[in-house]
Every structure is written in C-alpha cells, then in structure tokens.
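The values are calculated or read from the model by the stated rules, or taken from the named source; none is laboratory data. Keep in mind the model is a prediction, meaning the values are calculated, not measured. FYI the Cβ positions are ideal-geometry reconstructions off the backbone, even for glycines, and counts take in every protein chain you see. Calculation scope for accessible area: heavy atoms of the full protein, side chains included, ligands and nucleic acids excluded. Shrake-Rupley method; radii C 1.70, N 1.55, O 1.52, S 1.80 Å.
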Amino acid sequence: MKERETRDLEPGEKWEVQLRKGCLELAILAALWDGKRYGLEILRRLERDSDLIVSEGTVYPLLSRLKAMELVRSEWVESEGGHPRKYYSLTTAGKHRAIEMSAIWTRFSASMSRLLAPLAKGK
Amino acid sequence: MTMANEVQQKIDNYLSRLRAALPGLPEDEARDIVEELRSHITEKTSSSISAGGTGSLAAVDATLAALGSPEELGRQYRTDALLGRTEGSRSPFRILRGLFQWAGLSFAGFFVLLGSIFGYFFGAVFTLVALMKPIHPQSAGLWMIPRGSDFEISFRLGFGSVPPGGKDLLGWWTIPVGLLAGGTLTLLTTAVALWLIRQYRKRLMLPKGAA
C-alpha cells in the first residue's frame, strides 16, 4: 500500500508526491486541450513539458476514471504501423472542468508566489 | 528460443498478470484495458529500439518497469471501477458488497464498512420489532422491567417472554415508531456511505499507488 511505501520517503519528498498526484488530472486535461491524443502521446507530452510523471502506469487508470466521469471520451483508431491506438479527447464537460481547474490553479499559484517571495530573497 | 519470441512472451506474461488483477470488471472493459496497455508496450518498445542502441529485450524490460507492476496497475483500475459501481447504487446489499471489497483495498473502506454495518444492523432491528409487534404483542417492543427498587429498560424482538410486572412503553406505537426509526436509519446509513465514497473519490484523484 502507498502509505507504507511513502513512509520511507523524506517528508519533503512525500509532499512532492502528493502535489504531483493532485496536479495530474489537470495536466492530462491540458494535454488534450488542442485535440485528441492516445496514452503514450499524452505521456510524452507530460514528460516533455513537466516532471509530473513518476510511474507511467498511473496515467492509464486515471484516463479510465476521467472517462467514467465523462470528462473525456475515447475511440480506437488503427495506426499506420498496424496496431490500434486508443485516442482520448475532451468532452464539453471536460473542457469546462479544465478551464475551471486552470483558473483555480492560476489564482492559487499566484498567491503562493506572493507568499513565498520573501523566502527566495532570504537565500 | 528466438529473441522475438522471448520479447513476445514477456509482454504476454505482463498482460495476463494484468488481466488476472482485474477480477470483477465487465469482460469488455477488462479487454479494453489489456489492449490499451498492449498498444502502449508495443509502441514504446519499438520506438526505443529504433531510437538507438538498446536491444529488444532491454527495451521491453525498460517499458514494463516504467509501467509498474501489473498487480498495482490492476488495483488502481479495480478501486475506481468498484467505487464507481457502488456510487451508482441505492440498495443496502449492493452498497455493503461494494464496501466489503473496498475494505479489502484500503483503511478508509474498512471504517466506512464498520459504520455501515452498524447503521444497517440497527435499522434492521427497529424494523423487525415493528414487524414482530402484531405477531407477539406480549413480548415485542420497548419494556420497562422492575428490578428491585429500580427499573431496567429492555428492548425485545418478541422472542421469549417479558418478566412479570413489565410495562410496554410504546404499546401499538411500537409499529409506526419502529418502522420510522428503522427506515430512517437505513436511508441515513445509505446516504452517508455514498457521500463518503464520493468524497473519497474526489479527494484522491489517484488512489494509492503511484504518482
């Protein structure tokens, strides 16, 4: 279980893991903002633009949950290489959710930055 | 064994372990999950081979390691599917069944299960008293029984007899009061259990597992 695994981590690392977890939903919705993508493409995008991904496997159950919440839909498409890929795209509800979450994030991170500014100078 | 066979065998082995870690999911959903992961493994492996250097065995090992264990992956899918199904139901039996499985997956589930068993148990007891009252009017109900100079309040389902001098506190009111209390408690337990499941799902966008 996760509790047991994270107990070995330093408190700072543990907090970072929680933080990443909390952001992953928004990150995935954002990665689908400009069109449909399949799992590996979403992963590559997240790896390129962020350091959110620790275990690649996590993204797939999360996509399946987003689908159950009707924030994304999925379809199987045959690739040129011959193997099928499962593409995800945002539903209308998913777009609303992404906008809403990103507004909250922007507000939150701006206020955190203001609050943390003295700490950066003090160093 | 050729290299290609060995690679294929590693992939098949991983996927059959994943499939085994998905009991209770509808067949088409489980197949969909396995095929999605197969697609991921195939493409990731072949792209890291063509990117250079690595042999196919090393490439497939790296791909599978990055995914995490199939059992852990299966557990993440299962918790989701389970809570989703339970959240959509209203029947105490289905909720309890879902909670039993959830209890096996996390501590939070265990405590919600305990509370729900408690709530449903007393809901059933109150309802039972109301139903037994017409059959055993002389013993079902809430009784005040003399004990020396003191009294004892006794809640009886209608089995056995009431000691002499016992006073039926509610009389025929036992029926409406029992039904109302039993029904309210059952509905309340259901509502609280479903609310807790919803909170848990919302709070943990990712359940235990990885980051």
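Estimated from helices alone, the mean residue ellipticity of the protein assembly as shown at 222 nm is -22500 deg cm²/dmol (sum of -39500 (n - 2.57) over DSSP H runs with n ≥ 4, per residue).
About its Cα centre, the dipole of region B:1-68 is roughly 260 debye, where the only charges are +1 on Lys and Arg Cβ and -1 on Asp and Glu Cβ.
Please tell me which of these pairs span more than 27 angstrom C-alpha to C-alpha: A:K21/A:K121; A:K21/A:K86; A:K14/A:K36; A:K21/A:K95; A:K95/A:K121? Beyond 27 Å between Cα atoms: A:K21/A:K121; A:K14/A:K36; A:K95/A:K121. The mean number of Cβ atoms from other chains found within 10 Å of a Cβ in peptide B:36-45 is 6, as a whole number. For the charge dipole of region B:89-205, defined by +1 on Lys and Arg C-beta atoms and -1 on Asp and Glu C-beta atoms about the Cα centroid, which residue among B:S116, B:S161, B:I95 has the Cα displaced farthest towards the positive pole? Sorting the options by dipole projection puts first B:I95. For the protein assembly as shown, a simple Cβ point-charge model (Lys and Arg +1, Asp and Glu -1, everything else neutral) yields a dipole of about 980 debye relative to the Cα centre.
Note on region A:55-123: dipole from Cβ charges, positive end direction compared against A:G94, A:I104, A:L62; the farthest Cα belongs to A:I104. With N as its number of residues, region B:1-68 has a Cα radius of gyration that, divided by 2.2 N^0.38 Å, comes to 1.17. Heavy-atom accessible area for B:S161, with the other protein chains in place and a 1.4 Å probe, reaches approximately 100 Å². Each of B:M3, B:M144, B:M132 has its accessible area taken with a 1.4 Å probe; listed largest first, they run B:M3, B:M144, B:M132. Note down the nm distance, to one decimal, between modelled labels 7 Å out along Cα→Cβ at B:Q8 and at A:T91. With each label placed 7 Å out from Cα toward Cβ, I get 3.9 nm. Ranking B:T79, A:W15, A:H83 by how far each Cα lies toward the positive end of the dipole of the protein assembly as shown (charges on Cβ) leaves A:W15 at the top.
Taking every alpha-carbon pair in region B:89-205 and binning the separations at 10 Å intervals from zero gives 14, 34, 23, 18, 9, 1, 0 percent. If a spin label sat at a point 7 angstrom from the Cα of B:F121 along the line to its beta carbon, the backbone N atoms of region B:88-113 nearer than 13 Å would be those of B:113.
The relative contact order of region B:89-205 comes to 28 percent, based on Cα pairs under 8 Å that sit 6 or more residues apart. Remark: C-alpha extents of the protein assembly as shown on the principal axes read 93, 62, 41 Å, sorted largest to smallest.
Summary value for chain B: 18 percent relative contact order, contacts being C-alpha pairs under 8 angstrom separated by 6+ residues. Translational diffusion of chain B, estimated by Stokes-Einstein from the Kirkwood radius over alpha carbon pairs at 10 °C in a medium of 1.306 mPa s, is 74 µm² per second. Oblate is the label for region A:1-116. Its Cα gyration tensor axes, ordered a ≥ b ≥ c, give a/c of at least 1.5 and b/c at or above a/b. Relative to the Cα centre, the charge distribution of region A:79-123, modelled as +1 at Lys and Arg Cβ and -1 at Asp and Glu Cβ, gives a dipole magnitude of about 240 debye. Computed with a 1.4 Å probe over protein heavy atoms only, the accessible area of A:E100 comes to about 100 Å².
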